[in-house]
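First up is the structure itself, then whatever we jot down about it.
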Amino acid sequence: MRITVPSFAKLNLDLRVLGKRADGYHELRTIFQTIRLKDSLGIDFEFAKQTRIELDSSVAIADNLVVRAAKVALEHLKVRASIRFELRKQIPMGAGLGGGSSNAAAVLLALPALAGRRITRETLLLWAETLGSDVPFFLYGGTALGIGRGSEVYPLPDIPAYHVLVVSTGIHVSTAEAYAGLGRSVTNALTSARESPILREFQAIAWALNGARLEQLPLTNDFEPAVFKTHPELAAVVRKLRRLGGKPARMTGSGSAVFGVFESDAEARQAAAEFRQAHCYRVRLLSRRQYQTQWRRALGKAAALSCFTS
Ligand code: C5P
């Protein structure tokens, strides 16, 4: 059986790092948002005596999450299969757009259905968080709150389908270095809202999200100061996006992609003309409902067994 599924990118509309946890990860508060920029993943699936996983990718990927996710899924399903993936990448890699995590989630969402098994989202969440902190979010899509490592996700109200311009400069920012650059200590990991202005401000944003215009919210990315210090070119791109009308204009994740939010397609188009096209993606935000519709369509008959049945 062969299907082709979408693997959408995300933005962190807001990202706060509270501090380092006992397990070495950082305690986060973030607002995830899927966008219409996507990779496409073709999957040929056949039961077999011996498991064989093959990946044909449009770009070389070192530590591939597609294959790792497939192994995790087959192991948990106790199924042997011959699987051939055809990955057509559009999402820039290592850019804070969640491409690898989204690819992994796409595999977890598709394989059980292809194997004729119904697996609950609760179970998929367990598999997902072993693959990476951002993977669980992609089991849902839309607008969501991420806490803990970022892997504990809760729904947030939909926000309007703003136009965004994502600019990927190709600058490589190491995630580990970005965290190290924050200099957050263990002690301020789990302070109360009363003591932490970060938590108070983040809560205010989450409560205001329903109905507010994004430009009115003090959206923040805690990685920006340290990353912009090392890569002033990124700060310059953000300033340019603001000058061109992007409100807000921010970095996503630990970078290096940055984005500007625009009210209309015309404004986004005008801004895009000021950037080199190869590095620039003009897309709209993608709501949870749209995300799930796209998935149901892609899965076809197999959707009946997926967690996208309504
Ligand atoms: O979970 P993931 O594999 O995406 O994390 C990659 C790296 O980013 C981790 O090894 C860790 O250094 C850092 N990280 C962190 N705190 C988080 C998420 C990631 O320190 N909440």
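Among the residues of segment 292-305, how many are open to solvent by 10 Å² or more (accessible area, probe 1.4 Å), in contact (Cβ under 8 Å) with a residue 24 or more places away in the chain and closer than 19 Å to residue 137 by Cβ?
Adding up the residues that qualify gives 3.
Taking interchain pairs and intrachain pairs at least six residues apart, which have beta carbon atoms under 8 angstrom, with the first residue in segment 235-256 and under 20 Å from residue 31 (Cβ atoms) and more than 16 Å from the ligand (Cβ to nearest atom) and the second open to solvent by 30 Å² or more (accessible area, probe 1.4 Å) and in a loop (DSSP other than H, G, I, E, B)?
Note: pairs meeting the criteria are 250/220.
Applying the selection to segment 20-51, what residues are outside any strand (DSSP E or B) and within 16 Å of the ligand (Cβ to nearest atom)?
The answer is 21, 22, 23, 24, 25.
For segment 111-172, give me every one of the strands (runs of 3 or more DSSP E) that falls completely inside it and has 2 or more residues that are farther than 13 Å from residue 287 by Cα and either among the basic types (Lys, Arg) or more than 16 Å from the ligand (Cβ to nearest atom) (or both).
163-167
In segment 129-163, what count of residues is obtained for those that are open to solvent by 10 Å² or more (accessible area, probe 1.4 Å), under 26 Å from residue 213 (Cα atoms) and of a type in the set (A, V, I, L, M)?
Number satisfying all stated conditions: 6.
With the condition kept exactly as written, say whether any residue in segment 70-92 is open to solvent by 10 Å² or more (accessible area, probe 1.4 Å), modelled with pLDDT under 95 and either within 16 Å of the ligand (Cβ to nearest atom) or in contact with a Cys (Cβ under 6 Å, 6 or more places away or on another chain) (or both).
no
Which is open to solvent by less than 70 Å² (accessible area, probe 1.4 Å), under 21 Å from residue 105 (Cβ atoms) and part of a strand (DSSP E or B), of 17, 59, 5? Even if it seems obvious, please write down each step before you answer.
Working: 17 fails: under 21 Å from residue 105 (Cβ atoms); 59 fails: part of a strand (DSSP E or B).
Of the residues listed, the single one that is open to solvent by less than 70 Å² (accessible area, probe 1.4 Å), under 21 Å from residue 105 (Cβ atoms) and part of a strand (DSSP E or B) is 5.
Conditions tested, residue by residue: (1) among the β-branched types (Val, Ile, Thr); (2) within 18 Å of residue 12 (Cβ to Cβ).
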residue: 142; (1), (2): no, yes
residue: 147; (1), (2): yes, yes
residue: 168; (1), (2): no, yes
residue: 175; (1), (2): yes, yes
residue: 183; (1), (2): no, no
residue: 196; (1), (2): no, no
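Which of the residues that make up segment 245-260 are open to solvent by 10 Å² or more (accessible area, probe 1.4 Å) and out of contact with any strand residue (DSSP E or B) (no Cβ under 7 Å at 6 or more places or on another chain)?
254
For segment 261-291, what are the residues that are loosely packed, with under 14 Cβ neighbours inside 10 Å and within 16 Å of residue 239 (Cβ to Cβ)?
274
The values are calculated or read from the model by the stated rules, or taken from the named source; none is laboratory data. The model shown is predicted, which means the values in this text are computed figures rather than measured ones. Using ideal geometry, Cβ is built from the backbone for each residue, glycine included, and neighbour counts are taken over all protein chains shown. Side chains included, ligands, DNA and RNA excluded: accessible areas come from the protein's heavy atoms. Shrake-Rupley method; radii C 1.70, N 1.55, O 1.52, S 1.80 Å.
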